[in-house]
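Okay, so here's the structure we're looking at.
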Amino acid sequence: MNNNFPMPNGKTVRRAVVGIVLAAALVFVGANSLHAVPAGHTGVVTRFGAVDQQVLSEGLHVVLPFVTRVVDINNQVMKAEVTSNSASQDLQTVNSTVALNYRIDSQSAANVYQNIGVNYENVVVIPAIQEAVKSVMAQYTAEELITMRQTVGNEMQQNISEKLVPYGFSTESVNIVDFQFSEEFNAAIEAKQTAQQNALKAEQDLARVKVEAEQAITQAQAEAESYRLKSQELTDEMIMMEFIDKWDGKLPTVVSDGQALFSMDSILESAQSAAAAE
């Protein structure tokens, strides 16, 4: 069988292999010469292990392969949630869950990586939260922790900021996710609320009785005033009319010199006597 294609010699094979190796090396070097910093991150540059304070912004960058290494530091808002046990001012045990929203300032990314590393949350953030929770909780009674929750959270954030800002962190907010107290304390709070509700009900009942009594007194006074006004309306003319209605037609008489005399005063006196008799 005839072969129309010439067999390659050893020199040609070596050239092909070298070409493939060089192409692969160029691709490898080219790939390692580019670094893309993700959105919301800062690229910390190290040269032979030394941290460069000049950081890279988000986007594509050309770097020296085998010499330069880029570590991406997250500058977005992150959350660290901590569950801890602490004591209140009145020595009540408080189980709390506190969540901190924080971020690394882009200009501080190199210092954070150089001084703390990438495990910064476990190294400084969580211990700062735990210390702040214990410190602030000890300043309030268990009941105040419930009624002044927002104030307690604000003080925790201030306390945490004082610890984290020097490292290059900024705190966005602190949220008290949960407070848990002992069963005995919960029972005492419930009993106190029940007593307050009963006292409020008794006070309301007393106020209602007082109002009803005042209404009865007012009504009695009104009736008495009505009777008084009616009595005042019983004038001499009304007495005279009453007498006329009941008069039998006989006039009182007075004999003087054989004459029969009468007067209106005597008639009025008789009318008043008749009305009184009625």
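Which one of the conditions (1) under 14 Å from Met78 (Cβ atoms); (2) in contact with a Lys or Arg (Cβ under 9 Å, 6 or more places away or on another chain); (3) not small (Gly, Ala, Ser) does Asp105 fail to meet, given that it meets all the rest?
Among (1) under 14 Å from Met78 (Cβ atoms); (2) in contact with a Lys or Arg (Cβ under 9 Å, 6 or more places away or on another chain); (3) not small (Gly, Ala, Ser), the lone unmet condition for Asp105 is (2).
So that you can scan it fast, the table gives a plain yes or no per residue for (1) outside any strand (DSSP E or B); (2) of a type in the set (Gly, Ala, Ser); (3) out of contact with any strand residue (DSSP E or B) (no Cβ under 9 Å at 6 or more places or on another chain); (4) in the same structural domain as Ser96 (by TED's automatic domain parsing):
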site: Val133; (1), (2), (3), (4): yes, no, no, yes
site: Tyr140; (1), (2), (3), (4): yes, no, yes, yes
site: Ile146; (1), (2), (3), (4): yes, no, no, yes
site: Thr151; (1), (2), (3), (4): yes, no, yes, yes
site: Met156; (1), (2), (3), (4): yes, no, no, yes
site: Ile160; (1), (2), (3), (4): yes, no, no, yes
site: Thr171; (1), (2), (3), (4): no, no, no, yes
site: Ile176; (1), (2), (3), (4): no, no, no, yes
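State whether one or more residues within segment 87-95 are in a helix (DSSP H, G or I), surrounded by 20 or more Cβ atoms within 10 Å (Cβ to Cβ) and on the phi < 0 side of the Ramachandran plot.
No, segment 87-95 contains no residue that is in a helix (DSSP H, G or I), surrounded by 20 or more Cβ atoms within 10 Å (Cβ to Cβ) and on the phi < 0 side of the Ramachandran plot.
Kindly check whether there is at least one residue in segment 176-192 that is basic (Lys, Arg), over 16 Å from Asn85 (Cα atoms) and without any contact (Cβ under 8 Å) to a residue 24 or more places away in the chain.
Yes, the conditions are met somewhere in segment 176-192.
For segment 114-124, what are the residues that are within 37 Å of the chain's Cα centre (by Cα), assigned to a helix (DSSP H, G or I) and either closer than 16 Å to Gly43 by Cβ or charged (D, E, K, R) (or both)?
Scanning segment 114-124 gives a single hit, Glu121.
Condition check: buried (at least 17 other Cβ atoms within 10 Å of the Cβ) and not polar (S, T, N, Q). Does Val112 satisfy that?
Here the answer is yes, as Val112 does meet what is asked.
The values are calculated or read from the model by the stated rules, or taken from the named source; none is laboratory data. The model shown is predicted, which means the values in this text are computed figures rather than measured ones. All Cβ positions, even for glycine, are placed from backbone atoms using ideal geometry, and neighbour counts span all protein chains on display.
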